[in-house]
Amino acid sequence: MQKTRGSVAKVRIQIDLTKKRPRHVWLGFSEKDPTRGKWQIIEYEEVPPYCLYCKQQGHFVGTCPMKTRYEEFKERKEMEASNKGQDKQQST
Ligand SMILES: [Zn+2]
């Protein structure tokens, strides 16, 4: 508020990793006048990686072993399906 020192406020907070994190918060300077205040941009430090695919901490969706396995499985199924389709075409 005094603006004599440019500084950063660090706070430790608990967040829900499955939810979108707000990029800013409203800092109200007056309880009587809610329009007095300013938007404060939030920078998150050390957010633990969380996978939205398998709902586990420790990695992101891009490197999810479960998702990779599932996609390999799906690809194989699709290949098998297309091979079967080709077999049918060849036999007719
Ligand atoms: Zn995962």
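Restrict the check to region 29-36 and report whether at least one residue is under 16 Å from ALA9 (Cα atoms), basic (Lys, Arg) and more than 15 Å from the chain's Cα centre (by Cα).
We begin by selecting, within region 29-36, every residue under 16 Å from ALA9 (Cα atoms); these are 29.
Next, from what is left, pick out any that are basic (Lys, Arg): none.
No, region 29-36 contains no residue that is under 16 Å from ALA9 (Cα atoms), basic (Lys, Arg) and more than 15 Å from the chain's Cα centre (by Cα).
Only one of VAL25, VAL47 is part of a strand (DSSP E or B) and open to solvent by less than 70 Å² (accessible area, probe 1.4 Å). Can you tell me which? Break it down into steps so the answer makes sense when it comes.
Working: VAL47 fails: part of a strand (DSSP E or B).
Result: VAL25 is the single residue among VAL25, VAL47 that is part of a strand (DSSP E or B) and open to solvent by less than 70 Å² (accessible area, probe 1.4 Å).
Could you please give the count of residues in region 63-77 that are within 14 Å of the ligand (Cβ to nearest atom) and open to solvent by 100 Å² or more (accessible area, probe 1.4 Å)?
Of the residues in region 63-77, 2 are within 14 Å of the ligand (Cβ to nearest atom) and open to solvent by 100 Å² or more (accessible area, probe 1.4 Å).
Which pairs do you get when a residue that is closer than 14 Å to LYS19 by Cα and more than 7 Å from the ligand (Cβ to nearest atom), found in region 48-62, comes within reach of a residue that is aromatic (Phe, Trp, Tyr) and part of a loop (DSSP other than H, G, I, E, B), reach meaning Cβ atoms under 8 angstrom, with the pair 6+ apart or on two chains?
Taking only residues 6 or more apart or on different chains, the pairs are PRO49/PHE60; TYR50/PHE60.
The values are calculated or read from the model by the stated rules, or taken from the named source; none is laboratory data. Since we're looking at a predicted model, the values are computed, not measured. Note that we place each Cβ from the backbone using ideal geometry, even for glycine, and neighbour counts take in every protein chain shown. Note: areas computed on protein heavy atoms with side chains; ligands, DNA, RNA excluded. Shrake-Rupley method; radii C 1.70, N 1.55, O 1.52, S 1.80 Å.
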